[in-house]
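A short write-up of the structure that comes next.
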Amino acid sequence: MPSNPDPESREHVPPSPEVPSTPQTQVSSSAARVWTQFHDVIFDRMATIETAVTALRQGQLTDEIRKKAVMEAHRLAGSLGMFGLADGTRLAREIEHALGDEAPLGPETPRKLTEDAAGLRQILEKGPA
């Protein structure tokens, strides 16, 4: 039966230095917790936008799909700034405006929306810093 090691014979390992808590690190930590909490909702909103973009490319965009995507893009634009994702806010607003009721859907719209949605998804997948 092995004997218990003598605590006096162990090498002393200094404690790791603590990072001082600052308001910025506290906000980052809080934002990360909220991001985790709302991750599924955020990506459901993104999926709604992608569904609308796909429907548009296939010539099957209905008013219902369009309005729902506009609403979800608006919600994303409003919430992404809270996480410091300004580029995500910008892209979500561009998508919202491009799909909005007053926006004419020109021949370049499907390509532009595909690029914007892909960029927005990439930002969301990275998440807040």
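Select from region 52-64 the residues that are more than 19 Å from Arg93 (Cβ to Cβ) and either within 18 Å of the chain's Cα centre (by Cα) or among the β-branched types (Val, Ile, Thr) (or both) and list them in ascending order. Give the derivation first.
Step one: of region 52-64, the residues more than 19 Å from Arg93 (Cβ to Cβ) are 54-55, 57-64.
Those that are more than 19 Å from Arg93 (Cβ to Cβ) and either within 18 Å of the chain's Cα centre (by Cα) or among the β-branched types (Val, Ile, Thr) (or both): Thr54, Thr62.
Within region 79-86, is even one residue under 11 Å from the mean Cα position of the chain (by Cα) and part of a loop (DSSP other than H, G, I, E, B)? Scanning region 79-86, I find at least one residue that is under 11 Å from the mean Cα position of the chain (by Cα) and part of a loop (DSSP other than H, G, I, E, B), so the answer is yes. Does Leu56 satisfy being among the aliphatic types (A, V, I, L, M), assigned to a helix (DSSP H, G or I) and crowded, with 17+ Cβ neighbours inside 10 Å? Spelling it out, Leu56 is indeed among the aliphatic types (A, V, I, L, M), assigned to a helix (DSSP H, G or I) and crowded, with 17+ Cβ neighbours inside 10 Å.
Restricting attention to region 101-120, the residues that are surrounded by 14 or more Cβ atoms within 10 Å (Cβ to Cβ), out of contact with any helix residue (DSSP H, G or I) (no Cβ under 6 Å at 6 or more places or on another chain) and under 17 Å from Ala77 (Cα atoms) total 0. Considering (1) outside any loop (DSSP other than H, G, I, E, B); (2) under 13 Å from the mean Cα position of the chain (by Cα), the lone condition that Pro128 does not fulfil carries the number (1).
Does region 61-76 include one or more residues that are under 20 Å from Gly100 (Cβ atoms) and outside any helix (DSSP H, G or I)? Don't jump to the end; show me each part of the working.
From region 61-76, those under 20 Å from Gly100 (Cβ atoms) are 61-76; that's our starting set.
Checking the rest, the ones that are also outside any helix (DSSP H, G or I) come to 61-62.
Yes, there is a match, as at least one residue in region 61-76 is under 20 Å from Gly100 (Cβ atoms) and outside any helix (DSSP H, G or I).
Yes or no: Ala86 out of contact with any Asp or Glu (no Cβ under 8 Å at 6 or more places or on another chain) and closer than 28 Å to Ala31 by Cβ? Yes; evaluated as a whole, the condition is true for this residue. Among the residues of region 63-82, just one is at pLDDT 95 or above and loosely packed, with under 13 Cβ neighbours inside 10 Å, namely Glu64.
The values are calculated or read from the model by the stated rules, or taken from the named source; none is laboratory data. None of the values given here were measured: they were computed from a predicted structure. Here the Cβ is made from the backbone with ideal geometry for all residues, glycine too, and neighbour counts use every protein chain on show.
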